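One structure is given below, encoded as C-alpha cells.
The values are calculated or read from the model by the stated rules, or taken from the named source; none is laboratory data. This one's a predicted model, so the numbers in the text were calculated from it and none came from an experiment. When we count neighbours, we look across all protein chains shown, and the Cβ atoms used for this are built from the backbone with ideal geometry, even at glycine. Keep in mind that these areas ignore ligands, DNA and RNA; they rest on the heavy atoms of the full protein, side chains included. Shrake-Rupley method; radii C 1.70, N 1.55, O 1.52, S 1.80 Å.
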Amino acid sequence: DFCQRAMSAMIYDFLPFPKLSLPKRVIIENRMLNVIYYLCHIPIVAYSVVFFIMNMAYTEEVPNNPFTLIELDPVNAKPFMTYQLNNDPSQQIINFCADGDAGTFAVDCSLSADAAICEEMFGSLLMMPFTLTVDFFCSMMCGPSQNNGNPKCFLPPTALIAKGSQEVDLLVGTTIDSGPVGAPGSPSSVKPVQHKTNPMIRDAVLNFKYSFQLAQPAPFLLGLEDPGLRKTNSQAVTVIVDNQDIVRRIFSPGEIINMTVAEIVEVAGAEWNYTMVFRGSEFIVTTNCFTAQRDLPPALYWGQIDPVSPREELPLCMIAFTWLQASSVSYSTTGGFARDVTIRVTALRGDSFSRLPSVQFSLLNLVSLAVLLSIPPAFTGLLARSGLGPLSKIYRQATQEKFDMPMQLATAGLNSIANVATFGSLASSTLSKEELKVCLRDAMATSTKNLEERDLDRLTNFIFEKDPRYPRGARKKPQDTMESYGKDDKIGEPRVDAARFALSSSFRDPVMMEDIRVLFDTHRDRAIMERLFTPTAIMQAVKDQRGLEMPAWKKELLGVTDEVQEEEILGEEGLSLDMQIKVRSETTEVPRDLDSQEEASATSPEPEEAAHSMAISVSPQGSQALKPCRSLRDWEDQKELVEDLRERMRFQEESQARRLQTLETHNDSLRAENEELKREMADLRRKQAELTSRCDRQLASMQELTRALRTFNAHAGQDLIAENQMPSSCFTAATSFQRP
C-alpha cells in the first residue's frame, strides 16, 4: 500500500500534466469591461506582429566569422610603370619630389631648432655630439640596366613586404647611414645619412579574398537547414564600404577584389600627403557577411550603385578599412642606423552572422506573445475585482474560490443529508430503471426536440449502469473482485439507491463522504505529516470527547447515541476501579430512602460498617450485591457512587418536571383551541338559520308569482307548473340539487 501511494503521489503531484488538463474560465458579461479588454489587446498584437515580421524573430543569428586574406605580388612592377609625379594628389609630395631630388641639408641634433626633426626621425637613437648631414631624395622607376648601384631606383621586392596572409608592410620611406663618422670636435665630425621616399607606393595593388562558415550547426528545420559549408567570395556579392557606410565599389561573385593603396587610404577616411609618407600609417581590414536585409547597417548608402538585397543563397559581404593610427615607424641599429616608414595593412576576423529560420526561436517568440497577451486579462481582471465598488465584490466571489477545509467538511456532511432526503422524495429504497426513464423524460420536457424512445432507452441504460463507485464499470461477477472492495461489499450489479444518488450529486465537490469518514476515523494511524498539516479545527473535532464521557442514563435522556464501546473510549488498558464502580452504578436502581441511608452512614463511627450497610441498601433485588469496603479508598469510591446516584435522581426529577410543565402548557393551548372552535360552530349555526329563513321567504314569493301567472294565462289554456310540484322548503330544494 505504501509503494502504491508513493507511486500515485509521484505521478499526480510531481508530473505537471499526467493527463489533459484545461483551465476553467469565468466569462464576465460586461460590455464596458469587454471593450477595455479588447482595446488592451490592440497595441500588444500590433507590436507582436511588427516585431515578429520586421525583426525576423522567427530566425536565429548564427555567427559566420569571415576570414580575410591579403595577397601581394612583390615582383610585379607593372602597377608602378605608369606612375607620374605630377598626377600625385598631394602637392606637398609633388614639391618635395620635384625632379626626383629633394635636396641635401645639415641637421644638428644638438641645436634646439633641429630638435623636432631629430626627435621625429631618429628618436633617442642618435643623440650624439656631432652634426648629421641628411640627404633627402625620392625614388623613381629605373630600367633594368639602371638598377645596379643606383640608390634612387625603386625596387618593388624591397618595398612590398608580405608578413603572412593577413599582414602587409608597404615601405614608403627609409633612412640609412651613408658613410663613416668623423672624429668628434674636428671639422670632419659629420655623420652622413640618406632618407629615401617612395611616393609611388600609392599605386601598389592589394588583392583580397575571404571565406566564412557557420560557427555552430544550423538550427533544426525539418531537414531544410543550411548544411554549414564554407563559402568564399566566389559565392557572395562583395562591396567596399567607407567609414561613412557609403558603398564605393561592388564586386560580383567570383570577381577579383583588388584595391590600390590610394583607394584604401581614401576609403579609410585618411589623407594621402607627405605626413603619411614621412610617418606612415596602420590600417585594419575586416569583412562581414549577412544573409538578411535587416542586418545591414541602417545608414548604408548605395549612391549610384544598384542596391543588392542579401539572402541565404547569395550573401552580401562588406569589406571595410579602418585607420588605426597615423604612424608606423621601425628602428634598427644592427650594422648601422636604419629607420623604416611603412603603411601597414592588417586583416582581422569579422563579427557578422547568418540569419537562419529556427523553430526554437519561433516557439520562444510565440511564448513571449502569449505572456504579453496575459497582460490585458490581468489588467481588466484587476479593474473588475478592485475598482468597481460593490460590483467588484461580486466579481471576486465569482472568480476567486476560498477553500476552508473545516467548512468544506461540514458543508459536505449537510449536502449529503440533503441529497439523501431528495432521493427519498423520488423512491423509497431504490429507483428502478422505468422510474429513472420517467424522470428523465420529465427532465427533458423543456427541450426544443425530444429524444426518441430508443435513444431515451439508451440514455437510461447508460445512466443506470454508470455507477460512480465503480469507475471502470459494473462488476458482473462481484465474487471475483471481492478482495479488492472489502468483505462487506454487497453491491455487485448496478442500481440507483440513496448512497449512489448522494455520491453522484457530490461528484464534483472537493470533499466527499469517504474523505469525511477517513478524516474522522479515530482508529486509523495518522502519519506525522498529516498530523502536522491537518487544520486545528479538524484535530479538535477528532479529539472531542463531548458526549462520550456522559453516563449511559444521561445519554439516553438527552438522546445521545454512540456505538463506541466504553472500553474503546477509555483506551486499551481497560477501566480503573473507580470507573468500574461508576459504570456498575449506572445499571442499578435508586431506592427512595437513599438520602436517609447516606445520612446514617455519614454518622456511623466505623467507616467499614457504614460502607457495608450502604452497599447492601443500594443493591437491588436480583442484582449482584457490592462487597464490603475494607479500605478508606473503597469508602471514597462508595461515597462518590452515592453522589452520582443522587445527581441522577435530581436530573430525573428535573426532567420529569420539565415534561409535566410542557404537558400543562400543551393542555392549556388545546383548551383554548377547543373554546375557539365552539365559538366558531355557534356562529356557523346562527348563519345557517339566517340562510334558511331567507330561503323560505324566497320560496313563498315564488309560489305567489306562480298563482298570479296561472290566473293570467287561464284563458289561453296553458297549464303552469302545479303547486304541489314545487319544493316544500328551501332546504329540500338545496339538498335535492345534483352536481354534474
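Miscellaneous remarks
- Filter on Lys24/Lys449; Lys543/Lys639; Lys152/Lys191; Lys152/Lys209; Lys163/Lys209; Lys78/Lys196 - keep pairs with C-alpha separation over 24 Å: Lys24/Lys449; Lys543/Lys639; Lys152/Lys209
- Using a Förster distance of 41 Å, the FRET efficiency for Leu684-Phe462 (Cβ separation, nearest 0.05): 0.10
- Anisotropy class of the stretch 306-411 from Cα gyration tensor, a/c 1.5 cut: prolate
- Per residue value of the accessible surface for the stretch 341-419 (all protein chains in place, 1.4 Å probe), Å²: 60
- With R₀ fixed at 41 Å, the C-beta to C-beta distance from Phe651 to Glu401 puts the FRET efficiency at about 0.30.
- Ordering of 280-288, 202-210 by burial proxy (mean other Cβ atoms within 10 Å per residue, highest first): 280-288, 202-210
- Mean silhouette area of the stretch 633-717, derived from the convex hull of its C-alpha atoms and averaged over all directions, reads 9.3 nm².
- Simple spin-label estimate for Leu300 and Thr448 gives 6.2 nm between the two label positions (7 Å along the Cα-to-Cβ direction from each Cα).
- Stretched out straight at 0.36 nm per residue, the stretch from Gln213 to Ser309 would grow longer than its current Cα-Cα span by 32.6 nm.
- The order of the peptides 166-175, 691-700, 455-464 by mean Cβ neighbours within 10 Å, most packed first, is 166-175, 455-464, 691-700.
- Orientation-averaged projected area, Cα convex hull of the stretch 365-475 (nm²): 14.0
- Gap separating the Cα centres of the stretch 495-531 and the stretch 34-69, nearest whole Å: 53
- For the pair Ala46 and Val542, label points projected 7 Å from Cα toward Cβ lie 6.0 nm apart.
- Label zone at Leu372 (point 7 Å along Cα-to-Cβ), backbone N below 16 Å, the stretch 44-61: 44-59
- Length added when fully stretched, Leu388-Ile176, from 0.36 nm per residue minus Cα-Cα: 67.0 nm
- Placing R0 at 22 angstrom, the Cβ-Cβ distance between Gln325 and Glu120 gives a FRET efficiency of 0.90 after rounding to 0.05.
- Per-peptide packing, taken as the mean over residues of other Cβ atoms within 10 Å, places 521-533, 52-64 in the sequence 52-64, 521-533 from highest down.
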